[in-house]
Amino acid sequence: MLEITYVRQNPEDVKKRLAVKHFAELHLVDELLVIDETRRQTQKVLDDNLARQNAIAKEIGDLFKQGKKAEAENKKAEVAQLKEDSKSLEVKLADAEQDMRNILVRIPNLPNPQVPEGKIPEHNVVVKQVGEIPALAEGALEHWDLAKKYDLFDLELGVKITGAGFPVYKKQGAKLQRSLVSFFLDEAEKAGYMEVIPPHMVNEASAFATGQLPDKEGQMYHITVDGFYMIPTAEVPVTNIVRDEILEEKNMPAKFVAYSPCFRREAGSYGKDVRGLNRVHQFEKVEIVQIAHPDKSYQVLDEMIAHVESLLQKLELPYRILRLCGGDMSFSSALTYDFEVYSAAQKRWLEVSSVSNFETYQSNRLKTRFRDENKKTRLVHTLNGSALALPRIVASLLENHQTANGVRIPAALQPYTGFSAIS
RNA sequence: GGUGAGGUGGAUGAGUGGCUGAAAUCAGCAGUUUGCUAAACUGCCGUACUGGUAAAACGGUACCGAGGGUUCGAAUCCCUCCCUCACCGCCA
């Protein structure tokens, strides 16, 4: 959520920046300000009213103690009307607060000034491209055919057990998953991240705090009997570690890394996008999260980008980094970089990571603050990124590194797999 | 699943109707003392909204798991819900 004080003080800036995101309901900003004004006025009147009531209650107490019963009884009548007024004021205030919240959750985060203009993925800016696009030999296979050839994963089997989009990894394919997870975790640990293994289901409060609810409700698997949600990313449980906390500045940035399976309903996807491992309902991901000082969060973002880059380089995959345009970035992000690897047999770029700075948009919901040098509480900045999501890495790894005799495993990964080639 | 206990500030933990936004202790912060460390002593030490201010100071309101109720007045009494812990059963 945006901070209401900022909106109140900078309404034109807010509108200007929301326009970059192609936010269609700019009128909400003005509505918000009107409601905020009502809210504050109502609160003032109500507070005064309650203050008066408190004062009278005190007087009555004193009068009773002095044995002045009749006077005390008189005062009681005076309170009755005040209480009556308070009731309606309380309703009015609660309504205003509810309305304000309802609007705030519909307004996306403000894009950082670096966010490029644009509406569609084609308008994203390629800031960097690294690595050679491999020229594959005649007869090179796409990863789903390689999987068949080497018996690495089985989608049909997953259909029997669960349904479409739940792969069963086998043999060297299974080992590869485990190796990648370990590799990513170890690299993150070297970069100073603290590993956590979070719950794979979260309660409603957690899902709300990171913004999955209400906007992405349909994308999560919902365990209705218990009111839990299967996590769509470790970002949700991990970021909630600091929910309702006030951090010490000396403990920042807090750096977390977590491996978890991710569960996504992916309603409405189809076609070549879902072929093979391109898009599945359950997948493995290592996620990095940082809780940073507002003045340093963009430095932190750069550091996270460098970390993700180093992973892709060690896996010897050609990649490019996109700075997402206003229209393509997520609701709650202020600045997002997507990482794509080239999948040489499919001849297309696949998104494998998304690294974002949310500034205070998440922390405002999370109520995660720190104490600044003046001992005042301020909202922290939250950032997260995949480092990395496995399926498309596997797809690209298989396709790019395939040879006539098998699939070469990059040197950095071999200590984990224990084999140098899939065959 | 059964039974019992309990949810109070960063922690422990007191508090059965007004003197309690909340004792005490510990931790933390500032200072005094001190060759250093330790110890001792003094003061400070919740959050949110809101008024006020250039910013502070300062003021108001709310919050003792959540929501309702009783009362002039609720952490304290009543109701509903949620959660946690312990023991038993079952399971890994």
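The values are calculated or read from the model by the stated rules, or taken from the named source; none is laboratory data. Note that the structure is a prediction, hence the values are computed from the model and not measured. When we count neighbours, we look across all protein chains shown, and the Cβ atoms used for this are built from the backbone with ideal geometry, even at glycine.
Identify all residues within region A:311-339 that are under 18 Å from the mean Cα position of the chain (by Cα) and among the acidic types (Asp, Glu); write none if there are none.
Passing the criteria: A:Asp328, A:Asp338.
Residues A:Gln212, A:Gln177: which one is within 28 Å of the chain's Cα centre (by Cα), in the same structural domain as A:Ile305 (by TED's automatic domain parsing) and without any contact (Cβ under 8 Å) to a residue 40 or more places away in the chain? If you could, list the steps in order and put the result at the bottom.
On the way: A:Gln177 fails: without any contact (Cβ under 8 Å) to a residue 40 or more places away in the chain.
Exactly one residue qualifies, and that residue is A:Gln212.
Between a first residue in region A:390-412 that is under 15 Å from A:Val341 (Cβ atoms) and a second residue that is surrounded by 24 or more Cβ atoms within 10 Å (Cβ to Cβ) and among the aromatic types (Phe, Trp, Tyr), which pairs have beta carbons less than 9 Å apart while being 6 or more apart in sequence or on different chains?
Correct list of pairs: A:Leu390/A:Phe184; A:Val394/A:Phe153.
If I filter region A:406-423 down to residues being touching a Gly at 6+ places or on another chain (Cβ under 7 Å) and surrounded by fewer than 17 Cβ atoms within 10 Å (Cβ to Cβ), which single residue comes out as farthest from A:Ser396 (Cα to Cα)? Break it down stepwise before answering.
Going residue by residue through region A:406-423, those that are touching a Gly at 6+ places or on another chain (Cβ under 7 Å) are A:421-423.
Applying the additional criterion that residues be surrounded by fewer than 17 Cβ atoms within 10 Å (Cβ to Cβ) yields A:421, A:423.
On the way: A:Ala421: 15, A:Ser423: 17 Å.
Only one residue tops the list, namely A:Ser423.
For A:Ile103, are the conditions met, namely being within 16 Å of RNA strand B (Cβ to nearest atom) and out of contact with any Cys (no Cβ under 8 Å at 6 or more places or on another chain)? Don't jump to the end; show me each part of the working.
Working: within 16 Å of RNA strand B (Cβ to nearest atom): yes; out of contact with any Cys (no Cβ under 8 Å at 6 or more places or on another chain): yes.
The answer is yes for A:Ile103.
Could you count how many residues in region A:107-159 are in a helix (DSSP H, G or I) and either aliphatic (A, V, I, L, M) or without any contact (Cβ under 8 Å) to a residue 12 or more places away in the chain (or both)? Spell out the reasoning first.
Taking region A:107-159 first, the residues in a helix (DSSP H, G or I) are A:121-123, A:143-150, A:155-159.
Next, from what is left, pick out any that are either aliphatic (A, V, I, L, M) or without any contact (Cβ under 8 Å) to a residue 12 or more places away in the chain (or both): A:122, A:145-149, A:155-159.
Selection size over region A:107-159: 11.
Give region A:5-24 a look and list any residue that's within 16 Å of RNA strand B (Cβ to nearest atom) and exposed (fewer than 14 other Cβ atoms within 10 Å of the Cβ), or say none.
Answer for region A:5-24, where residues must be within 16 Å of RNA strand B (Cβ to nearest atom) and exposed (fewer than 14 other Cβ atoms within 10 Å of the Cβ): A:Thr5, A:Gln9, A:Asn10.
Anything in region A:390-415 that is under 20 Å from A:Tyr319 (Cβ atoms) and among the hydroxyl-bearing types (Ser, Thr, Tyr)? List them, or say none.
First, the residues of region A:390-415 that are under 20 Å from A:Tyr319 (Cβ atoms): A:390-402, A:407-413.
Answer for region A:390-415, where residues must be under 20 Å from A:Tyr319 (Cβ atoms) and among the hydroxyl-bearing types (Ser, Thr, Tyr): just A:Ser396.
Which residues, taken from region A:350-382, are within 17 Å of A:Ile241 (Cα to Cα), touching a Leu at 6+ places or on another chain (Cβ under 6 Å) and either of a type in the set (Val, Ile, Thr) or away from RNA strand B (no atom under 16 Å from the Cβ) (or both)?
Within region A:350-382, A:Thr360 is the sole residue that qualifies.
So which of A:Ile288, A:Ile246 ends up being touching a strand residue (DSSP E or B) at 6+ places or on another chain (Cβ under 6 Å) and at pLDDT below 90? Spell out the reasoning first.
On the way: A:Ile288 fails: at pLDDT below 90.
Result of the check over A:Ile288, A:Ile246: A:Ile246.
Assuming A:Ser86 fulfils every condition listed in (1) outside any helix (DSSP H, G or I); (2) touching a residue at least 24 places away in the same chain (Cβ under 8 Å) apart from one, which condition is it?
A:Ser86 satisfies every listed condition except (1).
Out of everything in region A:46-83 that is among the polar types (S, T, N, Q) and touching a residue at least 12 places away in the same chain (Cβ under 8 Å), what residue ends up being nearest to RNA strand B (Cβ to nearest atom)? Walk me through it before giving the result.
Looking only at region A:46-83, we keep the residues that are among the polar types (S, T, N, Q), and these are A:49, A:53-54, A:66, A:74, A:81.
Add one more test, that the residue is touching a residue at least 12 places away in the same chain (Cβ under 8 Å), and what stays is A:49, A:53.
On the way: A:Asn49: 8, A:Gln53: 6 Å.
In this case the residue turns out to be A:Gln53.
Can you tell me which residues in region A:227-275 are acidic (Asp, Glu) and touching a residue at least 24 places away in the same chain (Cβ under 8 Å)? Before the answer, list the steps.
Going residue by residue through region A:227-275, those that are acidic (Asp, Glu) are A:235, A:244-245, A:248-249, A:266, A:273.
Residues satisfying the conditions are A:Glu235, A:Asp244, A:Glu245, A:Glu248, A:Glu249, A:Glu266.
Hey, which of the strands (runs of 3 or more DSSP E) in region A:326-379, taking only ones fully inside, have at least 3 residues that are small (Gly, Ala, Ser)?
On the way: elements: A:335-343, A:348-359, A:369-371, A:377-379.
The strands (runs of 3 or more DSSP E) meeting that bar are A:348-359.
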